[in-house]
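Working notes, structure below.
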Amino acid sequence: METHDFRSLDPEGHDLEELRALGHRMLDDMFDNVSFLRETPVWQPMPDAIRNGIREQKMPHAGQNPQDLYDFFSSHILPYAVGNRHPGFMGWVHGGGTLPGMLAEMLAAGLNANLGGRDHAPVELERAVIRWTAEVLGLPVTSSGVLVTGSSMANFIAVLTASRATEDGTEIRTKGISGRRLRGYAAETAHGCISRAFDMCGLGSDALKIIPVDDQFRMDIAALKTAIAEDRASGMEPFLVVGTAGAVDTGACDPLDDIAAVADVENLWFHVDGAFGALARLAPDMRSLVAGIEKADSVALDFHKWAQVPYDAGCVIMRDGSRQRATFAQNLAYLTKETRGMAANPPWFCDLGPDLSRGFRALKVWMTISVYGTVELGRMVTQCCAVARHLADRVAAEPRLELLAPVALNIVCFRVKADDAVVNDLNSELIRDMQESGVAAPSATTLRGVRAIRCAIVNHRTLPEDVDCMIDHLFKLADARSPE
Ligand SMILES: *Cc1c(COP(=O)(O)O)cnc(C)c1O
């Protein structure tokens with residue numbers, strides 16, 4: 001018999017009770033922290049001592065006291081997070097998170113389920129979430145889908161599936177893309193992950209033809225038709241058109257109904273990147289903007305943005321699940337499906353995407369949708385859009401400010417006016433000043449060569465007074481830079 005000291009990693013006796021007490025404190029502290037977000041800065045630069053304290057972390061050979069590690073978290077991590085929970089966070093497209101979502105994360109981690117496959121209740125719950133998502137989008141409840149990290153992965157899965165759904169497309173799985181001249185289409189306002197999906201699929205990003213947009217930043221349908229005709233004439237194989245519901249720069253929604261009609265006539269796969277905009281379906285006053293999404297062959301969306309589910313939680317939905325399985329399923333001895341026992345219950349999620357081991361993201365999505373209900377989540381979408389319109393009205397009313405794009409949904413792009421020679425640099429500086437002030441956190445983008453202060457209202461905690469406070473502070477920052 002070996003002399004090994006056989007034991008698990010689970011604490012016992014006094015250690016167990018100490019950890020339990022610490023766990024209760026962590027829970028209480030995080031409830032307090034979320035309740036008092038407004039009293040903290042949105043973001044603050046990390047002092048060198050903090051950054052170095054993290055960078056110089058030594059690999060622990062011996063175990064450390066969880067209480068000390070929690071102290072490190074409280075001093076080094078918590079105060080220096082990116083700030084997207086804060087009502088003043090308006091940069092990029094970030095959800096705010098919720099306490100019920102946090103609790104679901106804890107339960108999921110406690111259960112430690114692997115949702116790659118097999119016959120267990122967590123798999124059924126993910127399927128329920130997929131069915132609800134299809135219903136929200138207006139796709140058939142028989143649609144398939146899978147929860148993934150985010151829309152980058154969801155869009156990739158959709159582009160890959162569309163390429164395999166072409167004539168003889170499944171051969172690409174074994175023979176590679178060589179010789180095929182597949183061509184896809186997306187507006188110039190499409191998210192960068194679409195072009196990267198083409199790259200990652202081996203099609204090459206040049207296989208994505210970029211279509212210009214109109215003055216509302218929506219795909220120009222005449223230009224789309226022309227591009228398809230030109231490509232067919234030169235021997236290309238058009239296979240996919242991507243519409244965007246909620247473009248990342250301006251919130252514009254492509255005319256999805258018109259794109260669906262073109263896809264139908266041209267026999268193209270119609271994919272919608274609805275990362276945040278797809279959930280406009282839940283808001284009665286906004287849903288007409290994404291009309292036509294229900295005609296899509298596939299949709300990518302995020303629950304971690306407008307649905308406020310804690311990171312990460314993206315989703316891809318496919319009208320025809322057999323296409324998704326034909327793209328990813330493999331026949332492997334160690335993953336054989338049975339008719340009974342734990343290896344029953346196909347199709348498994350590992351046959352619907354590139355991941356085998358996958359966590360229980362579905363629990364936090366299910367919990368969030370269930371705690372709030374779709375009506376309340378829709379009201380929250382409506383509220384974010386109303387806050388964005390309030391900001392746009394304020395910008396329009398201020399002679400020093402200038403709106404740079406129409407506000408269709410929840411994103412406002414504007415700038416402080418100044419001489420042409422300095423205006424772009426000034427606005428870039430002001431965005432950085434604002435972020436460092438801790439008052440609010442807009443981000444930057446460039447629209448037709450013009451540097452914009454970009455505010456995306458995605459956080460359920462952001463109210464009209466928060467955008468007013470941001471504008472008031474912007475004037476102070478601008479005055480400090482160019483005293484009049
Ligand atoms: C955020 C976003 C993406 C990428 O989604 P991730 O969840 O960050 O991977 C894609 N498209 C649009 C329109 C987005 O807003």
Inset, instruction - Write down the accessible area per residue of the range 1-142 in Å², having rolled a 1.4 Å probe over the full set of protein chains. - result: 65 Å²
Legend entry - Sequence-separation-based contact order of the range 170-300, relative, with Cα cut under 8 Å and 6+ spacing, percent: 22 percent
Inset, instruction - Throw me the Rg/Rh for the chain, computed over C-alpha atoms with Kirkwood Rh, two decimals. - result: 1.00
Legend entry - Spacing of the two label points (7 Å from each Cα toward its C-beta) at residue 55 and residue 468, in nm: 4.3 nm
Legend entry - the range 1-159: radius of gyration and largest Cα-Cα distance (Dmax), Å: 20.8, 63
Inset, instruction - Pop the C-beta distance of residue 48 and residue 205 into the FRET formula with R0 = 30 Å and round what comes out to the nearest 0.05. - result: 0.15
Inset, instruction - Express the relative contact order of the chain as a whole percentage, based on alpha carbon pairs under 8 Å and six or more residues apart in sequence. - result: 21 percent
Legend entry - Linear extension gain, residue 196 paired with residue 171, 0.36 nm per residue minus alpha-carbon span: 6.8 nm
Inset, instruction - Anything over 28 Å Cα to Cα? Flag those among 175/225; 225/295; 175/337, in the order listed. - result: 175/225
Inset, instruction - Please report the relative contact order for the range 104-370, taking Cα pairs under 8 Å with a sequence separation of at least 6, and give it as a percent rounded to a whole number. - result: 30 percent
Legend entry - Separation in nanometres of the label points that stand 7 Å from Cα toward Cβ, at residue 215 and residue 33: 4.9 nm
Legend entry - Estimated [θ] at 222 nm from DSSP helical runs (n ≥ 4, -39500 (n - 2.57)) normalised by residues in the chain, nearest 500: -13500 deg cm²/dmol
Legend entry - Extension gain, residue 386 back to residue 285 (0.36 nm per residue minus Cα-Cα distance, nm): 35.3 nm
Inset, instruction - Can you tell me the FRET efficiency between residue 102 and residue 233 if r is taken as the Cβ-Cβ distance and R0 is 41 Å, rounded to the nearest 0.05? - result: 0.15
Legend entry - Computed E for residue 446/residue 3 - FRET, C-beta separation, R0 60 angstrom, nearest 0.05: 0.35
Legend entry - Zero-based 10 Å bins, Cα pair distances in the range 327-476, whole percents: 10, 28, 19, 15, 14, 10, 3, 0
Inset, instruction - Heavy atoms only, probe 1.4 Å: what % of the accessible area of the chain goes to carbon and sulfur, would you let me know? - result: 53 percent
Inset, instruction - Please give the per residue volume of the convex hull enclosing the alpha carbon atoms of the range 104-370, rounded to a whole number of Å³. - result: 121 Å³
Legend entry - Test item: Cα-centred dipole of the range 104-370, Lys/Arg +1 and Asp/Glu -1 on Cβ, debye: 840 debye
Legend entry - Pair-distance profile P(r), taking every C-alpha pair of the range 218-372, with 10 angstrom steps and integer %: 10, 30, 31, 20, 8, 1
Inset, instruction - Work out the P(r) tail for the range 106-216: percent of alpha carbon pairs separated by more than 20 Å, whole number. - result: 57 percent
Inset, instruction - Any chance you could run the full-extension gain for residue 226 through residue 119? It's 0.36 nm times the residue separation minus the Cα-Cα distance, nm to one decimal. - result: 33.6 nm
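The values are calculated or read from the model by the stated rules, or taken from the named source; none is laboratory data. Everything numeric in this text was worked out from a predicted model, so none of it was measured. Quick reminder, even Gly has a Cβ in these numbers, built from the backbone with ideal geometry, and neighbours come from all protein chains shown. Ligands, DNA and RNA are excluded from the accessible area calculation, which covers all protein heavy atoms including side chains. Shrake-Rupley method; radii C 1.70, N 1.55, O 1.52, S 1.80 Å.
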